[in-house]
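Below is one structure, written out as structure tokens; the observations come after it.
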Amino acid sequence: MKKLFLTISLLCMPPMFGAASAQTIGTARTLDITVQSAGQTLTVRAGDILRFSVSNSAGTGYTWHALDVDPEYLVLIDKTTAAPPTPKPGQAPVVGGPGPTVVYVYYVRKSLNLGSYSVTSPIIFANVPPGRSTGQDTRLVQFNLTSR
């Protein structure tokens, strides 16, 4: 009886991300993207999940911020910070060595293909020095989204 109730409950639930998810549930992909991929054009479609991993150097105080994300096409569904790698026993952490990684996870809400033409939408991340929200010492990393 509990299994039947659970099955009926799941079937009656609305889609988690709106109408687009129902159309693309069988074809949705998760793309893992790192800073080393900066400058790439990413080919996406509605329903895809984009996981951007941006890492900092240990002890520098720099932080990552997503600057330019078009909410018409992307929805932030998660942002987490992963701890830096654990140093080997007896080894002290090194300033400038591997630090924490911030992971931004976005859901592609809508196709960038608009009839007979497609849109290119940038995603820009900034690595900002301590005590600043923006500034001339900021390192920018850009990715461009386009339709499949």
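Tabulated results
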{"quantity": "Restricting the stretch 101-127 to residues that are under 16 Å from VAL35 (Cα atoms) and either of a type in the set (S, T, N, Q) or modelled with pLDDT under 85 (or both), the residue that is surrounded by the most Cβ atoms within 10 Å (Cβ to Cβ)", "calculated": "ASN127"}
{"quantity": "First in the stretch 49-61 and closer than 12 Å to LEU76 by Cβ, second anywhere and among the basic types (Lys, Arg), Cβ under 9 Å, 6 or more apart", "calculated": "ILE49/ARG29"}
{"quantity": "Counted residues, the stretch 76-96 - those being under 15 Å from THR60 (Cα atoms) and in contact (Cβ under 8 Å) with a residue 24 or more places away in the chain", "calculated": "5"}
{"quantity": "Residue list for the stretch 56-80, filter: over 13 Å from the mean Cα position of the chain (by Cα) and under 30 Å from VAL94 (Cα atoms)", "calculated": "ASN56, SER57, ALA58, GLY59, THR60, GLY61, TYR62, THR63"}
{"quantity": "Residues within the stretch 47-98 that are more than 19 Å from ASN144 (Cα to Cα), among the aliphatic types (A, V, I, L, M) and in a loop (DSSP other than H, G, I, E, B), tallied", "calculated": "5"}
{"quantity": "Qualifying residues in the stretch 46-82 (those that are of a type in the set (Asp, Glu) and out of contact with any Lys or Arg (no Cβ under 6 Å at 6 or more places or on another chain)) - the one nearest to PHE143 (Cα to Cα)", "calculated": "ASP68"}
{"quantity": "Residue, modelled with the lowest pLDDT, within the stretch 12-37, restricted to residues that are surrounded by 15 or more Cβ atoms within 10 Å (Cβ to Cβ) and closer than 17 Å to ILE123 by Cα", "calculated": "VAL35"}
{"quantity": "Residues within the stretch 59-73 that are farther than 16 Å from SER121 by Cα and either surrounded by 17 or more Cβ atoms within 10 Å (Cβ to Cβ) or in contact with a Leu (Cβ under 9 Å, 6 or more places away or on another chain) (or both), tallied", "calculated": "3"}
{"quantity": "Those residues of the stretch 32-42 which are over 14 Å from the mean Cα position of the chain (by Cα) and in a strand (DSSP E or B), in sequence order", "calculated": "THR41"}
{"quantity": "Test: residue in the stretch 114-122 that is among the aliphatic types (A, V, I, L, M), over 21 Å from THR27 (Cβ atoms), assigned to a loop (DSSP other than H, G, I, E, B) and over 18 Å from the mean Cα position of the chain (by Cα)", "calculated": "no"}
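The values are calculated or read from the model by the stated rules, or taken from the named source; none is laboratory data. Nothing here was measured: the structure is a model prediction, and the numbers come from that model. Because the Cβ atoms are built from the backbone with ideal geometry, glycine has one as well, and the counts that use them run over all protein chains shown.
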